[in-house]
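The values are calculated or read from the model by the stated rules, or taken from the named source; none is laboratory data. Nothing here was measured: the structure is a model prediction, and the numbers come from that model. FYI the Cβ positions are ideal-geometry reconstructions off the backbone, even for glycines, and counts take in every protein chain you see.
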Amino acid sequence: MNRFRPQAVPTVGWHYDRIALALHWISAVLLVFMTGLGWYMMEIEHSPGAKPYFVLHKSLGLIVLALVLVRLGWRRSHPVPQLPSRMPAWQLRAAQLVQVGLYLCMLILPLAGIAGAIHSKSGLVFFGYSLPRLAAANHDMAETYYDIHGALVWLLVALVCVHIAGALKHRFIDKDGVFERMVPGRD
């Protein structure tokens with residue numbers, strides 16, 4: 001018997017549907033890329049060749065925001081598989097808090113970046129196209145929003161680490177099938 005095989009996994013309504021899986025993994029890849037790109041941008045911020053990286057980051061930030069809104073709508077209209085009933089109450093609550101924290105970060109993080117861009121001298125740009133200016137350039141406001149944006153990145157990284165640790169605990173310690181429900185190709 002495979003020691004990592006889930007034990008007594010319910011079969012009905014246990015897995016996320018294909019759309020939820022796709023949204024989860026596309027979000028994960030985009031957020032990892034955006035985080036790395038953002039940190040790289042801070043290293044080259046005043047370099048002559050930095051502008052295309054900032055344009056890409058702002059553009060992808062708008063896509064991330066749209067993707068998060070789609071995820072929230074999908075989650076609201078499609079039932080989320082239940083966690084195992086044998087999980088301790090504190091673990092259920094911790095999982096809920098991490099999920100809420102992740103969604104709040106994924107929503108507020110791009111909004112703070114967009115607000116910073118709106119107040120920046122360069123404005124909000126989507127793949128080279130300047131979007132209508134919604135506010136006058138204000139360096140102090142832009143910096144405030146960018147500071148919030150930067151702090152939320154660290155909170156998101158911490159929450160993702162807790163999320164991954166929880167998933168790995170379910171896979172290798174609990175062996176309860178929770179990990180498998182978010183793995184593509186396991187119908």
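Filtered by the rule that a residue be touching a residue at least 40 places away in the same chain (Cβ under 8 Å) and surrounded by 17 or more Cβ atoms within 10 Å (Cβ to Cβ), the range 112-124 gives Ala112, Gly113, Ile114, Ala117, Leu124. Taking the criterion of being out of contact with any helix residue (DSSP H, G or I) (no Cβ under 9 Å at 6 or more places or on another chain) and part of a loop (DSSP other than H, G, I, E, B), the residues of the range 67-85 that qualify are Pro79, Gln82, Ser85. May I ask you to verify whether Ser122 is outside any helix (DSSP H, G or I), modelled with pLDDT under 95 and closer than 20 Å to Lys58 by Cβ? Criteria met by Ser122.
Taking the criterion of being among the hydrophobic types (A, V, I, L, M, F, W, C), in a helix (DSSP H, G or I), free of Cβ contacts under 8 Å to residues at least 24 places away in the same chain and surrounded by fewer than 15 Cβ atoms within 10 Å (Cβ to Cβ), would at least one residue in the range 125-132 satisfy it? So far as the range 125-132 goes, no, none of its residues is among the hydrophobic types (A, V, I, L, M, F, W, C), in a helix (DSSP H, G or I), free of Cβ contacts under 8 Å to residues at least 24 places away in the same chain and surrounded by fewer than 15 Cβ atoms within 10 Å (Cβ to Cβ).
When each of Ala94, Ala136, Ala117, Ala112 is tested for being of a type in the set (A, V, I, L, M), in a helix (DSSP H, G or I) and over 18 Å from the mean Cα position of the chain (by Cα), the lone residue that passes is Ala117. Restricting the first member to the range 15-42 and to residues that are at positive phi, and the second to residues that are surrounded by 13 or more Cβ atoms within 10 Å (Cβ to Cβ) and not aromatic (Phe, Trp, Tyr), no beta-carbon pair is closer than 9 Å while six or more apart or on different chains. Note on the range 69-121: residues that are in contact with a Lys or Arg (Cβ under 9 Å, 6 or more places away or on another chain) and farther than 20 Å from Ala167 by Cα total 4. Considering only residues in the range 12-64 that are of a type in the set (A, V, I, L, M) and in contact with a strand residue (DSSP E or B) (Cβ under 7 Å, 6 or more places away or on another chain), the one that is nearest to Val80 (Cα to Cα) turns out to be Leu62. Contact map, the range 50-68: first residue more than 21 Å from Cys105 (Cα to Cα), second residue in a helix (DSSP H, G or I), Cβ cut-off under 7 Å, separation 6 or more or different chains; pairs are Ala50/Met41; Ala50/Ile44; Tyr53/Leu37; Tyr53/Tyr40; Tyr53/Met41; Tyr53/Ile44.
Scanning the range 158-177 for residues that are exposed (fewer than 12 other Cβ atoms within 10 Å of the Cβ) and in contact (Cβ under 8 Å) with a residue 40 or more places away in the chain yields a count of 1. Being modelled with pLDDT of 95 or more, among the β-branched types (Val, Ile, Thr) and loosely packed, with under 13 Cβ neighbours inside 10 Å: is that true of Val29 here? Yes. Applying the selection to the range 147-179, what residues are at pLDDT below 95 and among the aliphatic types (A, V, I, L, M)? The answer is Val178, and nothing else.
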